[in-house]
Amino acid sequence: MSKNLLLEIGTEEIPAHVMPGILAQLKENAEKAFKEQRIAFESIRTIGTPRRTALLVQGLAEKQEDVESENRGPSVKIAFDADGNPTKACQGFARGQGVKPEDLEQRDGYVYAHVHTAGQETAKLLEQMLPDFICGLNFPNNMRWADLDFKFIRPLRWIVALFGADIIPFTVAEVASGRTSRGHRYLSAGDFDIPDADSYEKACEAQFVIADQKRREQMIREQITAVARENGGEVEINEDLLEEVVYLVEYPTALCGHFEEKYLQLPPEAVITPMRDHQRYFPVKTKDGKLLPLFITVRNGGKEHLETVQHGNERVLRARLADAQFFFDEDRKKSLEQHREKLATVVFQQGLGTMLEKSDRLVELSDLICDLVNADEKTRKHAKRAAYLCKADLVTGMVTEFTELQGIMGREYAKLDGECEKVAIAIDEHYQPRFAGDSQPQTPAGRIVSLADKIDTIVGTFHLGKIPTGSQDPFALRRQALGLVNSLIESHTTLSIAKVVAKAMDLYGIQDEKARAKMQRDVADFLSLRLKNVLSDQNIRYDVIDAVLADVDDVYGVELRAQAVADFAEDDTKRADIQAFVRVANLAEKAENDSVDASLLQEDAEKALYQVYTSTKSSMESLVKGRDYVGALDALTELSKPIDAFFDAVLVMDKDEAIKNNRLGLLKAIHELVGQVADFKKIVTA
């Protein structure tokens, strides 16, 4: 037999951005606990609003599953005396297992107890499990209230705990469980009773609470789309904003507001940002993407007095747009280049100079990157100009007020100043990706300045000793490094990271050789971890990833090598080749150097191997330079049979030191040649 379970945790309004995580955490914890307690269930779902987090379990068994177990005790010699009577050890074991000594089974020289454990009633177990579900939730921030020692993200106000129609009694933070919930703050009559777990969502809706977030999302999506079309436009739905609004309301009603057309003279982002990021409004556009003087907001309530709500929202937005207009007009009294001078008053990071100094460094780093990627002169000109101007909008009034517009306003002001379109776009793109899932810079100049900015930030911050550890990353260096890695891979760009890092150290005045060497290692290790994650996301085997990560100076080259080696390692016909490379690697470790004296080669097998090595080395040079790692692997397989023949016919560790070292040198040279693609010792073969 089974029943449905409801646990509703009622609180003050919980911040919207943490609700998805809370619901996922509650579901995961419940599933784990029921499985550990051997309580069968059909399905688990979690739903919630700003004021309630609910766990709904369908088909929860009314009793734990029984358990049959066999437990081994002491040896027969210890369990029974010479007369066959149970000893104290035997009696103690039997008592602990809840059986009689005569019921123990003798087998394999030991005694065994067969134990049947009857399952307990679920209702009784829930009295402890449900409080644990509540107390076991983790939050980014906690609150305390009254004189309680209990901590939670927001104060607890009520708890509903029903197993079928029966209340599961317990108390958390002086709040006793029951069947009484609370309706919508303004639309409902207040408290209401839930007769049983099955009636939960229907009972909530009767009190103007749509408890299921997926249903609220669908309602909001349909409403804002319909309202926009009724007013002659198309709503622009930002999914992050939609999710936030879903967890801001319990009973959604969409409405349309208006603002003066004069504000459409501002750059679109200058209107959309205060609308979307500050007021949680959805912008409305024409079918061809032009912004309309309309916005859509979602009210936490019904359709009564919508005009009053509309006017209130219009008044708030009007003030925000008036501020935007004022700052825009003030900013336009100077060119973007004139604003740049004020960067001397803005500190980049304590100990790393000002934003003006950073901007100057970006010009030089961009120039170097242009050299390294063989950029044409137009791209170089655009990149250096963009680097020169890219931080200037940070001191404008618009960006000071609306920080989300950094880069965007730089782009718009550059266009208005008559700067080249590609320069303006690069100013905006150099911040990309701004967040997870954001696009990478698409123009060559934007990509170059973006790479320069990220490397400058990483090197500077590392120089201060602020390498991210654990979950702490206050300067978002992991995001910067991941953006750098993805940008190089997606754009198929070959770039020596070490050379750019070296230049960045020069610009920071880092001269100590030990400090420079450590910086190179730290940056390489940091990028290696990001690259490892990227390759894992491409479903490349862990051993293949480890095999290609020894040198991450050319990030795109590593990705190409990983793809080539992954295919190579999956080919069963290449197993002998891999084994040959591994045999070479094992002995190459004993070599002092990779020098080979052809006159010391005595055996035909080693002469043949050396000949194949020299020809392979010649072809490998052009293949690796052209990043044709599939071709490089094909070339390396030519070494496989000569390697096997060498080991079959030649004693490497010859008594003659010169001959021995020469043979080891040959093996080391081959190992280093193979290592240009991968370290095959790390490849796992079945």
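The values are calculated or read from the model by the stated rules, or taken from the named source; none is laboratory data. For clarity, every value in this text was computed on a predicted model and none was experimentally measured. Using ideal geometry, Cβ is built from the backbone for each residue, glycine included, and neighbour counts are taken over all protein chains shown. Each accessible area value is taken on the protein alone, full model and side chains, heavy atoms only, with ligands, DNA and RNA left out. Shrake-Rupley method; radii C 1.70, N 1.55, O 1.52, S 1.80 Å.
Would you call Asp522 charged (D, E, K, R), outside any helix (DSSP H, G or I) and either in contact (Cβ under 8 Å) with a residue 12 or more places away in the chain or more than 30 Å from Lys466 (Cβ to Cβ) (or both)?
Values: charged (D, E, K, R): yes; outside any helix (DSSP H, G or I): no; either in contact (Cβ under 8 Å) with a residue 12 or more places away in the chain or more than 30 Å from Lys466 (Cβ to Cβ) (or both): yes.
When the stated conditions are applied, Asp522 does not pass them.
Listed here are the residues, each with its yes/no results for (1) open to solvent by less than 20 Å² (accessible area, probe 1.4 Å); (2) in contact with a helix residue (DSSP H, G or I) (Cβ under 6 Å, 6 or more places away or on another chain).
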| site | (1), (2) |
| --- | --- |
| Pro268 | no, no |
| Phe282 | yes, yes |
| Lys290 | no, no |
| Leu317 | yes, no |
| Asp329 | no, no |
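Tally up the residues in segment 143-157 that are closer than 13 Å to Glu13 by Cα and open to solvent by less than 80 Å² (accessible area, probe 1.4 Å), please.
First, pick out the residues of segment 143-157 that are closer than 13 Å to Glu13 by Cα: 143, 152-157.
Then keep just the ones that are open to solvent by less than 80 Å² (accessible area, probe 1.4 Å); that gives 143, 152-156.
So the answer is 6.
Residues that are aromatic (Phe, Trp, Tyr) number at least 3 in none of the strands (runs of 3 or more DSSP E) confined to segment 165-242. Looking across Val395, Val399, Val459, one residue alone is crowded, with 18+ Cβ neighbours inside 10 Å and free of Cβ contacts under 8 Å to residues at least 24 places away in the same chain. It is Val399.
Residue count for segment 98-151 satisfying the condition of being assigned to a strand (DSSP E or B), out of contact with any helix residue (DSSP H, G or I) (no Cβ under 8 Å at 6 or more places or on another chain) and touching a residue at least 12 places away in the same chain (Cβ under 8 Å): 5.
Selection of first residues in segment 332-347 that are under 15 Å from Arg411 (Cα atoms) and of second residues that are of a type in the set (A, V, I, L, M, F, W, C) and surrounded by 15 or more Cβ atoms within 10 Å (Cβ to Cβ), restricted to Cβ pairs under 6 Å at least 6 apart or on distinct chains, gives the following pairs, ordered by first then second residue: Leu336/Leu389; Leu336/Ala392; Leu336/Ala414; His339/Ala392; His339/Val395; Arg340/Ala392.
Residues in segment 585-604 that are surrounded by 12 or more Cβ atoms within 10 Å (Cβ to Cβ) and assigned to a loop (DSSP other than H, G, I, E, B): Lys590, Ala591, Asp594, Ser595, Val596, Asp597, Leu601, Gln602, Glu603. Checking the stated criteria, Val501 turns out to be of a type in the set (Val, Ile, Thr), closer than 23 Å to Leu365 by Cβ and touching a residue at least 24 places away in the same chain (Cβ under 8 Å).
Condition check ((1) in a helix (DSSP H, G or I); (2) hydroxyl-bearing (Ser, Thr, Tyr)) across all residues:
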{"position": "Asp393", "(1), (2)": "yes, no"}
{"position": "Met398", "(1), (2)": "yes, no"}
{"position": "Met409", "(1), (2)": "yes, no"}
{"position": "Tyr413", "(1), (2)": "yes, yes"}
{"position": "Gly418", "(1), (2)": "no, no"}
{"position": "Val423", "(1), (2)": "yes, no"}
{"position": "Gln432", "(1), (2)": "no, no"}
{"position": "Gly437", "(1), (2)": "no, no"}
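For segment 66-85, which positions are more than 30 Å from Thr122 (Cβ to Cβ), open to solvent by 50 Å² or more (accessible area, probe 1.4 Å) and outside any helix (DSSP H, G or I)? Spell out how you get there, then give the answer.
First pass over segment 66-85, keeping only residues more than 30 Å from Thr122 (Cβ to Cβ): 72-85.
Okay, now just the ones that are also open to solvent by 50 Å² or more (accessible area, probe 1.4 Å), so 72, 77-78, 81-83, 85.
Correct list: Arg72, Asp81, Ala82, Asp83, Asn85.
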